[in-house]
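For reference, the structure is listed below as structure tokens.
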Amino acid sequence: MRTPARVVTPSPLPITLVPVWASGADELNPLYVSPASGKPSQMFEAVTGGERGLRFSDACGGALAVDSSGLTVTALQISPECTVRASVGNFTDLQSRGFSITSRENSGG
């Protein structure tokens, strides 16, 4: 599960699910990208049984909000160290690397 190192609040958190095969991570053919657009891939459908087999959850003490579908995560509060969890088919306890949530004023842009 890939997330940016830093995200600005309030905004959707880009999450990319990267399949890892015996030969390594397949960065060129992600399993799923959130927020999603378009139809999920056949590989995603095979692994999860469809979007109902994917759920993200806040592992950041309330700094993240997950929509009612469980598929879109929004950064709500500033946090120096945050993670997001995911349940993807039979893989029920995946966790992202740490990332920070900053405000627009502090983002340098």
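The values are calculated or read from the model by the stated rules, or taken from the named source; none is laboratory data. Computed from a predicted structure; not experimentally measured. Methodologically, a virtual Cβ is constructed for each residue, glycine included, from the backbone with ideal geometry; neighbour enumeration extends over all protein chains shown. What goes into the accessible areas is simple: the full protein's heavy atoms, side chains included, and nothing from ligands, DNA or RNA. Shrake-Rupley method; radii C 1.70, N 1.55, O 1.52, S 1.80 Å.
Considering only 19, 35, 80, the mean-square fluctuation computed in a Gaussian network model of the chain, springs between alpha carbons under 10 angstrom, is largest for 80. Here the stretch 14-69 has an Rg and Dmax of 12.6, 37 Å, counting Cα atoms alone.
Counting Lys and Arg as +1 and Asp and Glu as -1, what is the net charge of the other residues whose Cβ lies under 14 Å from the Cβ of residue 47?
-1
Restricting the calculation to Cα atoms, the stretch 43-105 yields a radius of gyration followed by a Dmax of 12.9, 43 Å. When the Gaussian network model of the chain links Cα atoms closer than 10 Å, the mean-square fluctuations of 22, 36, 63 top out at 22. Put simply, the convex hull of the Cα atoms in the stretch 1-46 casts, on average, a shadow of 4.0 nm². For the chain, excluding the exposed loop sites themselves (GluC sites (Glu not before Pro), DSSP loop, at most 12 other Cβ atoms within 10 Å), the longest remaining stretch covers 28-104. Over the residues of the chain, the helix contribution to mean residue ellipticity at 222 nm works out to -1500 deg cm²/dmol, using -39500 (n - 2.57) for each DSSP H run of at least 4.
At 1.4 Å probe size, put 85, 97 in order of accessible surface, largest to smallest.
97, 85
These residues, 34, 68, go from largest to smallest accessible area, 1.4 Å probe, as 68, 34. If you take every residue apart from residue 5 with its C-beta less than 13 Å away from the C-beta of residue 5, what net charge results, scoring Lys and Arg +1 and Asp and Glu -1? That sum, taken over residues with Cβ under 13 Å, equals +2.
Measuring with a 1.4 angstrom probe and ignoring ligands and nucleic acids, residue 1 comes out at about 40 Å² accessible.
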